[in-house]
Amino acid sequence: MPSPLFLLCFMLCISHAHQIILLPLRHSVSKTQFNSTHHLLKATSTRSLSRFHRHRQSQNSVSLPLSSGSDYTLSFNLGSHPSQSITLYLDTGSDLVWFPCAPFQCILCEGKFNATTPLKLTRSHRVSCQSPACSAAHSSMSSHDLCAIARCPLDNIETFDCSSATCPPFYYAYGDGSFIARLYRDSLSMSSLFLKNFTFGCAHTALAEPTGVAGFGWGLLSLPAQLATLSPNLGNRFSYCLVSHSFDEQRVRKPSPLILGRYDDSGEGSEFVYTSMLRNPKHPYFYCVGLAGISVGKRTIPAPEMLRRVNGRGDGGVVVDSGTTFTMLPASLYNSVVSEFDQRVGRVQERASKVEEKTGLGPCYFLEGLVEVPTVTWHFVGNDSNVMLPRGNYFYEFSDDADGVRRKVGCLMMMNGGDDSELSGGPGATLGNYQQQGFEVVYDLENQRVGFAKRECASLWDNLNRHKS
């Protein structure tokens, strides 16, 4: 239980910050990290596809960022280690905060982005096997079973007297790797926020993942959920605004604002368009929404029924995901979008089939002269819940000189997630972070809705910092 003095200090910090905590998100990749644009796009499209299909794995496997190149990072400090900043991927698709701890062994991690030095915990406290947090980390296994694994004596288990027995290590698996971690508690510090009894996973062994994750999904151990125990104003609403970058190094360096809490957005331009969240019983940490259709130009293509709702088996809906780069659609909708897109662009521009093979994207075209690209609008379930994407969010233009002749190329930045009949056991589509650029995306957990508002994200960062100071 936090002390009255701590609560007073906490509320003063929040009041001074105008009811919000503002944090910078940094993109972890630019073109300069790859030997070609084709390589960058191929690596990113492969990760997006792998992460999407991992959503159909068993319930005790959690989808996490798959490697560098697609994700945004944030940083904080632990109270017992104030001098060392911990940098993690932001992930709205998982519900746990974890990071590497010394000694740390990472298998198959050569050449992968490593955002933080493994932390040597000295004064953090291990979590008890009786804790609800321990049960949450072990996929809701009962505290009796966990305490038995922790070798707490039977009479202590029966009398709920196992507080000295620590939570057993837990295993998490994801798209191209895994890790084993223990739960700890410590104080957390970021910006003007100081949070006691913060629970996190400390991993000493990982496969193909040297950087940890700040889970922002629904769940007891997520960062928003832990903030909500002290300040519902902070934990029940957060948003981010991803600066439009097109993988350009100068744009990538600009901070994207992560906003915990609610601020006065009356002077920021367009209002939010909201759509209701859909709870997923198999993947409860996902923020799922319903999609009614996608317009290409003036033609609206209805979404398959599976994208409008989530059934009792956890099938269907669209995940709004910060950790996947490119949007994934079921084959029927993707093919209809591509067909309509190709009718409008392909009749004027030459198809670039070799570029499609090298990037994993399509359709791609060699661009000549004035290039007219149809508008793309997402129609979410709800009244007037329509979001028109900026051209740069769905059509990526770059130079191609693979055959010795430099030509301008453009590719559709949405992907085929697979046959509709095979997309069981998880979401039917994912709205990736590339398509979210230039929007403030708000997760209103109190009213269980997701909102989108067109923003100049770099200016929003500057404005909020100015008001904060």
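The values are calculated or read from the model by the stated rules, or taken from the named source; none is laboratory data. The model shown is predicted, which means the values in this text are computed figures rather than measured ones. Cβ placement follows ideal geometry from the backbone for every residue including glycine, while neighbour counts extend to all protein chains displayed. Surface accessibility is based on the protein's heavy atoms, side chains included, excluding ligands, DNA and RNA. Shrake-Rupley method; radii C 1.70, N 1.55, O 1.52, S 1.80 Å.
Annotations
- Cα gyration tensor shape for the stretch 353-469, rounded if a/c is under 1.5, else prolate or oblate: oblate
- Each peptide in 316-326, 424-434 gets a packing score, the mean of other Cβ atoms within 10 Å over its residues, and the list from highest to lowest is 316-326, 424-434.
- Distance from the alpha carbon centroid of the stretch 94-148 to that of the stretch 409-444 works out to 29 angstrom.
- Pairs exceeding 20 Å between alpha-carbon atoms, taken from Lys408/Lys454; Lys42/Lys112; Lys354/Lys408; Lys42/Lys254; Lys42/Lys408; Lys254/Lys454: Lys408/Lys454; Lys42/Lys254.
- Taking amide H as placed 1.01 Å from N in the peptide plane, the amide H of Gly323 sits under 5 Å from that of Thr92, Gly93, each at least 5 places away or on another chain.
- Residues Arg151 and Thr375, FRET efficiency given R0 of 60 Å [Cβ-Cβ distance, rounded to 0.05]: 0.45
- The chain: DSSP helices with Cα axial extent of at least 15 Å and average Kyte-Doolittle hydropathy no lower than 1.0: 4-16
- To put it simply, the accessible area of the chain at a 1.4 Å probe is 50 percent carbon and sulfur.
- Whether the stretch 404-469 is rounded, prolate or oblate, judged on the alpha carbon gyration tensor where a/c under 1.5 counts as rounded: oblate
- 3J(HN,Hα) along the stretch 405-413, derived from phi through the Karplus expression 6.51 cos²θ - 1.76 cosθ + 1.60 where θ = phi - 60°, amounts to 10, 6, 9, 7, 10, x, 10, 6, 9 Hz, with x in place of Gly and Pro.
- Per residue, the chain exposes 41 Å² of accessible surface when a 1.4 Å probe is rolled over the protein heavy atoms with every protein chain present.
- When the inverse distances between all different Cα atoms of the stretch 64-155 are averaged and flipped, the Kirkwood radius reads 15.8 angstrom.
- Backbone geometry of the stretch 435-441 corresponds, through the Karplus equation with coefficients 6.51, -1.76 and 1.60 at θ = phi - 60°, to 3J(HN,Hα) couplings of 6, 8, 4, x, 10, 7, 9 Hz, x marking Gly and Pro.
- Here the relative contact order of the stretch 397-469, from alpha carbon pairs under 8 Å that lie six or more residues apart, stands at 16 percent.
- With a simple spin-label model that places each label point 7 Å from the Cα along the Cα-to-Cβ direction, the separation between Asn335 and Arg279 comes to 3.6 nm.
- The stretch 185-232 and the stretch 149-165 have Cα centres lying 27 Å from one another.
- Considering the stretch 120-241, its Cα convex hull presents a mean projected area of 9.2 nm².
- Two-decimal Rg/Rh across the stretch 190-326, once Rg and the Kirkwood Rh are taken from alpha-carbon atoms: 0.99
- Along the stretch 129-135 the Karplus relation, 6.51 cos²θ - 1.76 cosθ + 1.60 evaluated at θ = phi - 60°, assigns HN-Hα couplings of 5, 7, 5, x, 5, 5, 5 Hz to successive residues, with x for each Gly and Pro.
- A helix-only calculation puts the chain at -6000 deg cm²/dmol for mean residue ellipticity at 222 nm, using -39500 (n - 2.57) for each DSSP H run of at least four residues, averaged over all residues.
- Here the relative contact order of the chain, from alpha carbon pairs under 8 Å that lie six or more residues apart, stands at 19 percent.
- Sorting 436-449, 150-163, 40-53 by their mean Cβ neighbour count within 10 Å, with the most densely packed peptide first, gives 40-53, 436-449, 150-163.
- Rounded, prolate or oblate (a/c below 1.5 giving rounded, otherwise prolate when a/b exceeds b/c) for the stretch 151-191 by Cα gyration tensor: oblate
- The label point for Val348 and the one for Thr229, both projected 7 Å from the Cα toward the Cβ, are 5.7 nm apart.
- Calculated on alpha-carbon atoms, Rg and Dmax of the chain in Å: 22.6, 80
- Most to least packed among 212-224, 364-376 [average Cβ atoms within 10 Å]: 212-224, 364-376
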